[in-house]
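First up is the structure itself, then whatever we jot down about it.
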There are 2 protein chains.
Amino acid sequence: MTNLTLVSRNRSFGGWQFVYRHYSAVLNCEMNFGVYLPPQAEKQPCPTLYWLSGLTCTEQNFINKAGSQQFAAEYGLIVVAPDTSPRGCNIPGEDDSWDLGTGAGFYLNATQMPWAKHYRMYDYVVSELPEVISANFSVVPGVQGIFGHSMGGYGAIAIALKNPGMFKSVSAFAPIVNPCQVPWGQKAFQNYLGDNQSDWLAYDPIHLVKSAQERLPILIDQGDADQFLGEQLQPDVFAQACAEVNYPISLRKQAGYDHSYYFIASFMGDHFAHHAAALTKG
Amino acid sequence: MTNLTLVSRNRSFGGWQFVYRHYSAVLNCEMNFGVYLPPQAEKQPCPTLYWLSGLTCTEQNFINKAGSQQFAAEYGLIVVAPDTSPRGCNIPGEDDSWDLGTGAGFYLNATQMPWAKHYRMYDYVVSELPEVISANFSVVPGVQGIFGHSMGGYGAIAIALKNPGMFKSVSAFAPIVNPCQVPWGQKAFQNYLGDNQSDWLAYDPIHLVKSAQERLPILIDQGDADQFLGEQLQPDVFAQACAEVNYPISLRKQAGYDHSYYFIASFMGDHFAHHAAALTKG
């Protein structure tokens, strides 16, 4: 297992929940990621499902709180959960706020200083991490899905739309699907990409879905008691953009649910069923 | 909802995960507890299942990591998870070590100073907390089970054995079932109960099972890769004591599992099935 350092391993639902650490050449720093190997992985290659976490998270939140291992074991999926940003890069201001810098990589490639040398989470998730996974674990080549929460739900949708054919399934919990028009997205895009708002469109799901080259159905769950729903998330705006171009989306409003991992865990089984239907058929 | 302060509430699996704070007259301090109300609780009284956590835990560990809400919703059980000790009582030494004082109440009534005025977790769990629950939530009177992990698995078994008829089901994950002979138990008993080891027997599962007045079957799951298995837990000694008096116990050794919540979550469904069979029948 070249270049990976084992941080922890725990037996879980008949498989293993690992955390590994490695040096990322893309991000120019050490990075942790979680990877769950289901029981099926002992005997055969398995499809891979990538999870992208939200603001402030490390790889730990998802692997501790989402209840994913039960379903990964049921369907025989390898689940990879990276960290949400570079860490400890000594960039001025990287730890000044929880929605920029550390814990807030926004799954894009920063072009602006002081971020551009490290904050390249888009390339990390799209290129480097899949290479690390396929080099070290027995995956079914080319059979992978992606999902995430909040900033990570945005990341999953944007990355799937920008890379037609790369993923066979995509879904999100409470994603930031209108980033160009909401405070979290505007702060990130302005700092990482600069003041020219036309440069933001390359990462805007609203823009991307209008020129989508494939029709990969998107499942979105959104709690209607989510405190960030109106100001930061705005899934109805994205659903409207999808409707305008006949892009298939299932946006489910879940009554009484908030933005927490209690919400995520409650519908984790549904999302695994959605991904498994695409990843394990035949 | 008299005398309870809401700390948090999150929609979860169609029900609600609450955390409440209240003043405990038994412990002479403010205490938090978690209580999950399943969807069924909106329409009818539900049975109650008490969870006792292990060393260092608060009420948060279980409600975040155990994956209990899925099964509580499936079976229609109210699940109550108290904290593991009094906190902030300004007792000399209460925060000096992780296995005594704060986070380490050991579910007993301390008789020794400086602990005796606050450290009465036995009375809290057996008397005060059930009164608080039945006064504030719609429970089925007298239909309750108890389970826990490590120190809390010990607590669940000791409390069930000491109170025949009070619980209809009991189970434990990696319980400290030979406390008089292991370092964790000896340290706690010596400090809380004093040097006279005959006083320890009132809380010793090995002693209690030999004079048990009922035959409530005990389910125990124990990981065989648990780092505390030989030195602190010793379930085989307890199983032997049960065998000597024909007390019904199912001790399952789980290959590769450790002492963590990954282990607990992996078998949470089995434990809920065990409790639901006793709590929800006809």
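The values are calculated or read from the model by the stated rules, or taken from the named source; none is laboratory data. It should be emphasised that the depicted structure is a prediction, and the values quoted were computed from it without experimental measurement. Positions of Cβ are generated from backbone atoms using ideal geometry, with glycine treated the same way; all protein chains shown enter the neighbour counts.
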Scanning region A:69-103 for residues that are closer than 20 Å to A:Leu129 by Cα and of a type in the set (Ser, Thr, Tyr) gives A:Thr84, A:Ser85, A:Thr102
Out of A:Val143, A:Val132, sole residue that is assigned to a strand (DSSP E or B), touching a strand residue (DSSP E or B) at 6+ places or on another chain (Cβ under 9 Å) and among the aliphatic types (A, V, I, L, M) = A:Val143
Going through region B:17-36 one residue at a time, which ones are part of a strand (DSSP E or B), of a type in the set (S, T, N, Q) and more than 14 Å from chain A (Cβ to nearest Cβ)?
-> B:Ser24, B:Asn32
Every listed condition ((1) touching a Leu at 6+ places or on another chain (Cβ under 8 Å); (2) free of Cβ contacts under 8 Å to residues at least 24 places away in the same chain; (3) in a loop (DSSP other than H, G, I, E, B)) holds for A:Trp200 save (3)
Would you pick out the residues in region A:203-223 that are part of a loop (DSSP other than H, G, I, E, B) and in contact with a Ser or Thr (Cβ under 8 Å, 6 or more places away or on another chain)?
-> A:Leu216, A:Pro217
Filtered residue count, region A:191-206, keeping only those that are more than 23 Å from A:Tyr247 (Cα to Cα) and either at pLDDT below 95 or crowded, with 16+ Cβ neighbours inside 10 Å (or both) = 3
Pick from region A:229-273 the residues that are under 23 Å from B:Pro39 (Cα atoms) and of a type in the set (Ser, Thr, Tyr): which of them is farthest from the other protein chains (Cβ to nearest Cβ)?
-> A:Tyr261
Hey, A:Asp226 within 14 Å of chain B (Cβ to nearest Cβ), at pLDDT 95 or above, part of a strand (DSSP E or B) and more than 30 Å from A:Met113 (Cα to Cα) or not | no
Subset of region B:173-190 (residues that are loosely packed, with under 15 Cβ neighbours inside 10 Å and not polar (S, T, N, Q)) = B:Pro183
Those residues of region A:62-118 which are crowded, with 23+ Cβ neighbours inside 10 Å, among the hydroxyl-bearing types (Ser, Thr, Tyr) and assigned to a loop (DSSP other than H, G, I, E, B) amount to A:Thr84, A:Ser85, A:Tyr107
Taking region A:150-175 as the region of interest, how many residues are farther than 24 Å from A:Ala25 by Cα and touching a Ser or Thr at 6+ places or on another chain (Cβ under 6 Å)?
-> 1
Region B:1-53, subset of a type in the set (D, E, K, R) and under 24 Å from B:Gly67 (Cβ atoms), residue surrounded by the fewest Cβ atoms within 10 Å (Cβ to Cβ) | B:Glu42
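Given the criterion of a type in the set (Phe, Trp, Tyr) and over 26 Å from A:Phe13 (Cβ atoms), identify the matching residue among B:Phe228, B:Phe263, B:Phe267, B:Phe167.
When all the criteria are applied, what remains is B:Phe167.
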Of the residues in region A:82-128 that are in contact with a strand residue (DSSP E or B) (Cβ under 9 Å, 6 or more places away or on another chain) and β-branched (Val, Ile, Thr), the one that is modelled with the lowest pLDDT is A:Ile91
Test result for A:Tyr192, part of a helix (DSSP H, G or I), in contact with a Leu (Cβ under 7 Å, 6 or more places away or on another chain) and either within 14 Å of chain B (Cβ to nearest Cβ) or not hydrophobic (A, V, I, L, M, F, W, C) (or both) | yes
Of A:Val237, A:Val245, A:Val209, which residue is buried (at least 17 other Cβ atoms within 10 Å of the Cβ), among the hydrophobic types (A, V, I, L, M, F, W, C) and either out of contact with any His (no Cβ under 9 Å at 6 or more places or on another chain) or in contact (Cβ under 8 Å) with a residue 60 or more places away in the chain (or both)?
-> A:Val209
Please indicate, with yes or no, whether at least one residue in region A:45-53 is out of contact with any Leu (no Cβ under 7 Å at 6 or more places or on another chain), among the aromatic types (Phe, Trp, Tyr) and within 26 Å of B:Ile63 (Cβ to Cβ).
-> yes
Please indicate, with yes or no, whether at least one residue in region B:88-100 is in contact (Cβ under 8 Å) with a residue 60 or more places away in the chain, small (Gly, Ala, Ser) and out of contact with any Asp or Glu (no Cβ under 9 Å at 6 or more places or on another chain).
-> no
Sort out which residues of region A:46-100 are within 14 Å of chain B (Cβ to nearest Cβ) and among the polar types (S, T, N, Q), and write them in order of number.
-> A:Gln60, A:Asn61, A:Asn64, A:Ser68, A:Gln69, A:Gln70
Cross-chain or 6+ apart pairs with Cβ under 9 Å, region B:268-279 first and more than 15 Å from B:Gln70 (Cα to Cα), then assigned to a helix (DSSP H, G or I) = B:Leu279/B:Tyr75
Within region B:146-181, the count of residues that are closer than 18 Å to B:Gly54 by Cβ, aromatic (Phe, Trp, Tyr) and outside any helix (DSSP H, G or I) comes to 2
Please work out if A:Leu55 is in contact (Cβ under 8 Å) with a residue 12 or more places away in the chain and over 13 Å from A:Gly152 (Cβ atoms).
-> no
